[in-house]
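The values are calculated or read from the model by the stated rules, or taken from the named source; none is laboratory data. The structure displayed is predicted, hence computed values, not measured ones. Positions of Cβ are backbone-derived with ideal geometry, glycine not excepted, and every protein chain shown enters the neighbour counts. Surface accessibility is based on the protein's heavy atoms, side chains included, excluding ligands, DNA and RNA. Shrake-Rupley method; radii C 1.70, N 1.55, O 1.52, S 1.80 Å.
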Amino acid sequence: IQPIFTTTAFTLIFGIFAKVSADGIPRPLFYLAGIITWNYFSECLTKTSNVFRENIDFFGKIYFPRIIVPVSIAISVFARFIIQFILFIICMVAYYLTGYEITFTWAVCLFPLLISLTALQGLGLGMIISGLTVKYRDLLFLMSFGIQLLMYSTTVIYPLSAAPEDLKWIVQLSPMTAVIETFRFAFLGRGTFSWMALGYSGAISTLLVVCGFIVFKKAECKFIDLI
């Protein structure tokens, strides 16, 4: 339900009133493609960031490889993404039945890669924040604002082609930009596809996971005393 409400709001605010470009794609499909991908990332990030606080009693009583918990979060959130993805497919079928030509591209084969990159970015950044919040508790209060700010600097509500040329490099700094643009290119036939951008996204995803693992392992040794 949440993606439907968000898509409706974005269509009214950014589509009808602000008239932001949708790259020639029907606006509900355009926004829904970005929203479901972004939701997977943000939920992985948000839930992983709270992993120490929400499991302090469990972690304090039983010893086990605690890294399993963030990984299990990414897997459980994936189930919700699948439901939202099915909703996206239903919307595509509805538009196809009304006469809109749906154009799949060969990039559909990259779907597992796109999902993996999204999960790795959310998981990696979430582990970094969860480790930092062991000592800096107020960081969680800033996270929701940071996620919103990051969303508006990514191509969720506008295509990369609509970004001003002098600011386009800022939008491309977000590793989620390449994921969302490729997702739209794969399923809707529109979007900016670039192997270099995907490579950049992959490199940042790997870096985030490695740094997140290091920060998480260091934090788990002392979180009981600090939280």
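For this structure, a couple of remarks:
- Per-pair calculated FRET efficiency, R0 = 22 Å: residue 79 and residue 139 via Cβ, rounded to 0.05: 0.20
- Computed about its Cα centre, the charge dipole of the chain is approximately 400 debye, with only Lys, Arg, Asp and Glu carrying charge at their Cβ.
- Distant-in-sequence amide H partners of residue 20 (H built 1.01 Å from N, under 5 Å): 15
- Count of lysine pairs in the chain with Cα separation under 24 Å (8 or more residues apart, or interchain): 13
- Computed over Cα pairs, the Kirkwood radius of the chain leads via Stokes-Einstein (0.692 mPa s, 37 °C) to a diffusion coefficient of 178 µm² per second.
- Counting only protein heavy atoms and a probe of 1.4 Å, the accessible surface of the chain is 72% carbon and sulfur.
- Range in the chain, longest, excluding exposed GluC sites (Glu not before Pro) [loop by DSSP; at most 12 other beta-carbon atoms within 10 Å]: 1-100
- What the phi angles of region 15-32 give under the Karplus curve with 6.51, -1.76 and 1.60, with θ = phi - 60°, is a coupling list of x, 6, 7, 7, 6, 6, 4, 10, 6, x, 8, x, 4, x, 5, 4, 5, 4 Hz, glycine and proline written as x.
- Helix-only [θ]222 nm of the chain, DSSP H runs n ≥ 4, -39500 (n - 2.57) each, per residue, nearest 500: -22500 deg cm²/dmol
- R0 of 35 Å, Cβ-Cβ distance residue 1-residue 214: FRET efficiency to nearest 0.05: 0.40
- Angle in degrees between helix 111-133 and the longest Cα principal axis of the chain, rounded to the nearest 10: 40
- Where region 69-227 is the region considered: accessible area per residue in Å², 1.4 Å probe: 52
- When the residues 136, 31, 152, 100 are ordered by accessible surface, computed with a 1.4 Å probe over the protein chains alone, the sequence from largest down reads 136, 152, 100, 31.
- Kirkwood hydrodynamic radius of region 113-172, Cα pairs, Å: 13.4
- Coupling constants for region 160-174 follow from the phi torsions by the Karplus curve (6.51 cos²θ - 1.76 cosθ + 1.60, θ = phi - 60°), and in residue order they are 4, 5, 8, 6, x, 4, 6, 10, 4, 5, 5, 4, 6, 5, 6 Hz; glycine and proline get x.
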